[in-house]
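Structure, as structure tokens:
Where a number appears in this text, it was derived from the coordinates with a stated rule and is not lab data. Quantities reported herein were computed from a predicted structural model and do not represent experimental measurements. We place every Cβ from the backbone using ideal geometry, glycine too, and count neighbours over all the protein chains shown.
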Amino acid sequence: MNNINIPLTFTDAAANKVKFLIEGEDNPNLRLRVYITGGGCSGFQYGFTFDDQINDGDLTVENQNVGLVVDPMSLQYLIGATVDYVDGLEGSRFVVQNPNASSTCGCGSSFSI
């Protein structure tokens, strides 16, 4: 587990939503894992899942007593990013505001560097 000071923001809104979603689970070790995969209309896409494992090299960010986990490969694309939770016309969802993205698709879940 790696808790070095990397500029990655986990907002209160996102942390509170994670807390709400995992409250009913019988696993106090669940965290939100954010990852990058190839695909989408712009080349890369964001993925979100709940995970109770922290792997070697993972970055963990804590807020509101819940955790966000990012693997080292994804982190290189997420430095300086903000993980948030929004309610909008497209519905409620976790979003990444990424200053490294040179372009994003209309849905906001795919980007290019």
- Order by neighbour count: Phe48, Phe94, Phe10, fewest other Cβ atoms within 10 Å first, most last. Phe48, Phe94, Phe10
- Task: May I ask you to compute the full-extension gain from Asp26 to Leu89, defined as 0.36 nm times their residue separation minus their alpha-carbon distance, rounded to one decimal in nm?
- Result: 19.4 nm
- Message: How would region 9-100 be classified by its alpha-carbon gyration tensor: rounded, prolate or oblate, with rounded meaning a/c under 1.5 and the a/b versus b/c comparison settling the rest?
- Response: oblate
- Note on the structure: Everything considered on the Cα gyration tensor (a ≥ b ≥ c; rounded for a/c under 1.5, else prolate if a/b is larger than b/c, else oblate), region 47-103 must be described as oblate
